[in-house]
Amino acid sequence: MRPSPEFAELFGRPPVVEADAPGRVNLIGEHTDYNGGFVLPIAIPQRTRVQLATRDDDQARLFSSDFAADGVREFTIGSEAQTGEWLDYPQGVLVALRDAGLRPGGFDARVDSDVPLGSGLSSSAAFEVALLRALRAAFALPIDDLRVARLGQRAENGFVGAQVGIMDPLAASLADEQSALFIDTRTLDYRRVPLPRQVELAVLSSGIAHAHADGDYNARRYECEQACALLGVGELRDLGLDDLARIAALPEPLDRRARHVVTENARVLAAVDAMRGGDVDQLGKLFYESHASMRDDYEVSIPEIDFLVDLARAEADVLGARLTGGGFGGSVVLLARRGRAGAAARAVAAAYNRRSGHQAAVLVPIGLSPGRRG
Ligand code: ADP
Ligand code: MG
């Protein structure tokens, strides 16, 4: 494939600022966010970069190497109009800024990313946060990193029309590869939690994207609401392990759905303790328990994902593995001994590819399998 044009080739001058932001993977805490619970994302090595130069008018002109065939796309700041395409993300960012009383001028921007798009590693938040950082630098916008995350979420909820929580933009804005971000999605309090030095992570995609994932996701949200109504609480977050007996009395499958959320919240807290204490065996055990809960109680796994987790479990250097993201396909995250994640992930992918009829890809660590651009 032809290399995509550089900034100067596109816009006839050099960029003034450059900014970037990472993708993320959620370590533990799944389907807890819309229940007011806890999540624990960490940044991955892949990043989205934005180079930008200011203009004297109100035009925003953008090029993305992921959509090189589109060439330079353009909109007028103040007259944003939905396209249903990637341009809605930067348009949404400008609308969110304006709603917050911030009015950057026109700009030319080149976007380049090695975060895989649409693979659950949050390329959308990496894009929003990188663009906001570039605009902040170019126009001296008075926004801190928390504000950047909230503006990113707002852009995606409002203009793009995707109901995402605060996790993705907050991780892109505040996490790094060595610091996970413990987020209380009810209060939006967050704390950095260092990844113990003895371990490293791998992420493997199953090669399966479920076509009806949205419908299944909405069904789970509805089941949680029903469970809350029957239990007389506002959110499942209001319940703890002491309430498991009450939860067991709910009609099937609401009992299992609520049990997943309540035990998963407890596992996130336990994972934070294990990370702080450097207890990597305990952390790995929590990964496996989380996976079993998603498989049996929440029923958002699929046999291929379970197979990946089982293959990972057979690797001596793997301490834990679980489905990460909403489920019905997607990826698994592996916790491995330091220096061993790449080899373990490759071994798991090779066995999976031989026996499942699907193609796994090692997304993290990078550089192990052919990239998506081939
Ligand atoms: P995820 O965030 O899990 O990767 P999403 O569906 O939330 O998946 O976001 C993917 C969409 O975000 C892409 O289809 C595209 O519209 C937009 N996007 C993400 N990264 C870029 C990029 N580098 N350039 C242009 N658009 C991007
Ligand atoms: Mg996204």
What number of residues in the stretch 115-142 are among the aliphatic types (A, V, I, L, M), away from ligand 2 (no atom under 16 Å from the Cβ) and at negative phi?
5
Cβ contacts < 9 Å: first residue without any contact (Cβ under 8 Å) to a residue 60 or more places away in the chain and open to solvent by 50 Å² or more (accessible area, probe 1.4 Å), restricted to the stretch 298-318; second residue basic (K, R) and in a loop (DSSP other than H, G, I, E, B), any location; separation 6+ or different chain. Result?
E315/R340; A316/R340
Residue count, the stretch 158-184 (criterion: modelled with pLDDT under 95, within 25 Å of D238 (Cα to Cα) and among the β-branched types (V, I, T))
2
Those residues of the stretch 67-114 which are open to solvent by less than 40 Å² (accessible area, probe 1.4 Å), of a type in the set (D, E, K, R) and either within 16 Å of ligand 2 (Cβ to nearest atom) or outside any strand (DSSP E or B) (or both), in sequence order
E80, D88
Answer with yes or no whether Q46 is surrounded by fewer than 18 Cβ atoms within 10 Å (Cβ to Cβ) and modelled with pLDDT of 95 or more.
no
Consider L117 against the criteria (1) open to solvent by 20 Å² or more (accessible area, probe 1.4 Å); (2) under 23 Å from Q82 (Cα atoms); (3) modelled with pLDDT of 95 or more: it satisfies all of them except one. Which criterion is unmet?
(3)
Condition check for E74: of a type outside the set (F, W, Y) and out of contact with any helix residue (DSSP H, G or I) (no Cβ under 9 Å at 6 or more places or on another chain):
yes
When R61 is run through (1) more than 8 Å from ligand 1 (Cβ to nearest atom); (2) open to solvent by less than 40 Å² (accessible area, probe 1.4 Å), the failure sits at (2)
Any idea how many residues of the stretch 211-225 are open to solvent by 50 Å² or more (accessible area, probe 1.4 Å) and either closer than 22 Å to V280 by Cα or under 17 Å from the mean Cα position of the chain (by Cα) (or both)?
2
G105 being small (G, A, S) and either more than 16 Å from ligand 1 (Cβ to nearest atom) or at pLDDT below 95 (or both):
yes
Failed item in (1) part of a strand (DSSP E or B); (2) out of contact with any Asp or Glu (no Cβ under 8 Å at 6 or more places or on another chain); (3) under 16 Å from E264 (Cβ atoms), with Y288 passing the rest
(1)
Which of the residues that make up the stretch 16-35 are surrounded by fewer than 20 Cβ atoms within 10 Å (Cβ to Cβ) and either more than 18 Å from A175 (Cβ to Cβ) or of a type in the set (F, W, Y) (or both)?
V16, V17, E18, Y34
Return yes when A138 is farther than 28 Å from D214 by Cα, surrounded by 18 or more Cβ atoms within 10 Å (Cβ to Cβ) and at pLDDT 95 or above and no when it is not.
yes
Within the stretch 50-66, track down each residue that is of a type outside the set (S, T, N, Q) and within 16 Å of ligand 2 (Cβ to nearest atom).
D66
Number of the exception - L334 against (1) in contact with a Gly (Cβ under 8 Å, 6 or more places away or on another chain); (2) touching a residue at least 60 places away in the same chain (Cβ under 8 Å); (3) over 30 Å from L254 (Cα atoms):
(3)
Quick one: R322 ticks every box in (1) modelled with pLDDT under 95; (2) touching a Phe, Trp or Tyr at 6+ places or on another chain (Cβ under 6 Å); (3) not small (G, A, S) except a single one, so which number is it?
(1)
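The values are calculated or read from the model by the stated rules, or taken from the named source; none is laboratory data. Note that this is a predicted model, so its numbers are computed, not measured. Reconstructed Cβ throughout: ideal geometry from the backbone, glycine too, with neighbour counts over all protein chains shown. The accessibility values were calculated without ligands, DNA or RNA, using every heavy atom of the protein model including side chains. Shrake-Rupley method; radii C 1.70, N 1.55, O 1.52, S 1.80 Å.
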